[in-house]
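Just below is one structure, and these are the notes that go with it.
The values are calculated or read from the model by the stated rules, or taken from the named source; none is laboratory data. None of the values given here were measured: they were computed from a predicted structure. No Cβ is skipped: glycine too gets one built from the backbone with ideal geometry, and neighbour counts run over all protein chains shown. These area figures cover heavy atoms from the full protein model, side chains too; ligands, DNA and RNA do not enter into them. Shrake-Rupley method; radii C 1.70, N 1.55, O 1.52, S 1.80 Å.
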Amino acid sequence: MKGFLLLLSFMTRIPMPKIDYDEEKLGKSMKLFPLVGVVIGFILLFFSIVFSYVLSNLSFSAFLPIIILVVILTDLISTGALHLDGLADTFDGIFSYRSKHKMLEIMKDSRLGSNGALALILYFLIKFVLLYSLLMEDQGETVFAVLTYPVVARLCSVISCASAPYARGSGMGKTFVDNTKTSGVVIATLITVVYSGAVLFYMMGSQFNYFLPLDLFMKSFGVNLLIIAILGLFAFSFSKLIERKIGGITGDTLGALLEISSLVYLFLIIVVPTFFL
C-alpha cells in the first residue's frame, strides 16, 4: 500500500499525506502503475460530468470542444505535465540525429527545443481530433475510452521498464527499470484487463438493463483485448527502438511512450471495432 501511495504522489499532483520516501518500494510499485491510471480516469470522468451539467444549456456544437478541453486540461493538471515533459525531451533528443551520448545530453537539458515544441503541438492537436471523433461517433464509447486510456497507457510504461535496460547510470526512472520484472508486467496486465473488462461490462450492461447478451459482451471484450495486445506490442517495439538509439530507456522515454500510447489507444478504439462489431 505504501508503494502505491508513493507512486501516486510521485506520478501525479493529487494531494497526498506525507509519506517517507523509499526508493526500492517506489520502484517495485511500478506494477501498480495502471491503478494510478484508474484514479486519473475517474478524475477525468468526474470533471467531465460536472462541466456537462455546467454547460448543459449550450448547443452540442458549442459543448463539444469545451468538454474535450476539460478532459485534456484535467489530465494535464492531474499529472503536472510530467509525462509531456518526457515527450518533448525525447523528441528533442532522438530527432537531433546526434550520437547516443549527445542525445542523452539534449534530453537532460530542461530547455524546450523546436522538435519538442512540434511534438507537443501535434500531441494536443491529435488528442483533440481523436476525442472529437469519438464523441461524434459514440458518447458511450467516449466514456469508456476516458476511463481506460490512462490505464492502458500506463501498462505500456510497465512493459517498457521490463523490455530494455536504463540508458544512464542514474536517473529518475532507473529505480522503476531495475525493479520491474516479467512478473510485474503480468500483474499490471491483469489489472488492466480486469478493470477494462469491468468497465465494459458495466457500460454495456446499463444499455441492456443488465440483461446483456453474453456473446455480444465477449465479442466486445475480445476486441478490447486485441487493442491492449497491440498496445503491448507497440510498447515493446518502441522500447527496443529507443534502446537501439540511445542504449536503453530513460524516464523521458517512459513519459513519451505513455503519452504516445494514449493517442494510439484512442485511435484503435475508433478504428478496430469497425472490423469486428
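Observations, loosely collected:
- Applying a threshold of 6 Å to beta carbon distances and a minimum spacing of six or more residues, or different chains, the list of pairs starting in region 128-153 at a residue that is under 23 Å from Phe236 (Cα atoms) and assigned to a helix (DSSP H, G or I) and ending at one that is open to solvent by 60 Å² or more (accessible area, probe 1.4 Å) and not acidic (Asp, Glu) is empty.
- With respect to being assigned to a helix (DSSP H, G or I), within 18 Å of Met203 (Cα to Cα) and either of a type in the set (Phe, Trp, Tyr) or out of contact with any Lys or Arg (no Cβ under 6 Å at 6 or more places or on another chain) (or both), Ile67 falls outside the description.
- Hey, Phe47 assigned to a helix (DSSP H, G or I), in contact with a Lys or Arg (Cβ under 9 Å, 6 or more places away or on another chain) and among the aromatic types (Phe, Trp, Tyr) or not: no
- Taking first residues from region 21-34 that are in contact (Cβ under 8 Å) with a residue 12 or more places away in the chain and of a type in the set (D, E, K, R) and partners that are buried (at least 24 other Cβ atoms within 10 Å of the Cβ) and in a loop (DSSP other than H, G, I, E, B), the Cβ contacts under 7 Å between residues at least 6 apart in sequence or on separate chains come to Lys31/Thr180.
- Search result, residues across region 267-277 that are surrounded by fewer than 24 Cβ atoms within 10 Å (Cβ to Cβ) and touching a residue at least 24 places away in the same chain (Cβ under 8 Å): Phe267, Leu268, Ile270, Val272, Pro273, Phe276, Leu277
- Boolean, Ala162 is open to solvent by 30 Å² or more (accessible area, probe 1.4 Å) and either at positive phi or of a type in the set (Gly, Ala, Ser) (or both): yes
- Region 197-223, subset in contact (Cβ under 8 Å) with a residue 40 or more places away in the chain and not charged (D, E, K, R), residue most open to solvent (accessible area, probe 1.4 Å): Gln207
- Among the residues of region 171-197, the one identified as of a type in the set (Ser, Thr, Tyr), within 19 Å of Leu82 (Cβ to Cβ) and assigned to a helix (DSSP H, G or I) is Thr175.
- Within region 25-66, considering residues that are within 19 Å of Ala145 (Cβ to Cβ) and polar (S, T, N, Q), the one least open to solvent (accessible area, probe 1.4 Å): Ser48
- Scoring Val146 on the criteria (1) under 16 Å from Ile228 (Cα atoms); (2) over 14 Å from the mean Cα position of the chain (by Cα) leaves a single failure, condition (2).
- Looking at Asp75, Asp85, just one residue is closer than 30 Å to Ser114 by Cβ, acidic (Asp, Glu) and either open to solvent by 40 Å² or more (accessible area, probe 1.4 Å) or not in a helix (DSSP H, G or I) (or both), and that residue is Asp85.
- Residues of region 232-245 satisfying the condition of being crowded, with 22+ Cβ neighbours inside 10 Å and either touching a Phe, Trp or Tyr at 6+ places or on another chain (Cβ under 6 Å) or not hydroxyl-bearing (Ser, Thr, Tyr) (or both): Ala235, Phe238, Ile242
- Contact map, region 100-127: first residue within 25 Å of Leu263 (Cβ to Cβ), second residue aromatic (Phe, Trp, Tyr) and not in a helix (DSSP H, G or I), Cβ cut-off under 7 Å, separation 6 or more or different chains; pairs are Asn115/Phe95.
- The lone criterion from (1) surrounded by 13 or more Cβ atoms within 10 Å (Cβ to Cβ); (2) part of a helix (DSSP H, G or I) left unmet by Arg168 is number (2).
- Within region 125-147, the set of residues being open to solvent by 60 Å² or more (accessible area, probe 1.4 Å) and modelled with pLDDT under 95 comprises Met136, Glu137, Asp138, Gln139.
- Qualifying residue in region 95-104 (condition: within 21 Å of the chain's Cα centre (by Cα) and either closer than 27 Å to Leu7 by Cβ or open to solvent by 70 Å² or more (accessible area, probe 1.4 Å) (or both)): no
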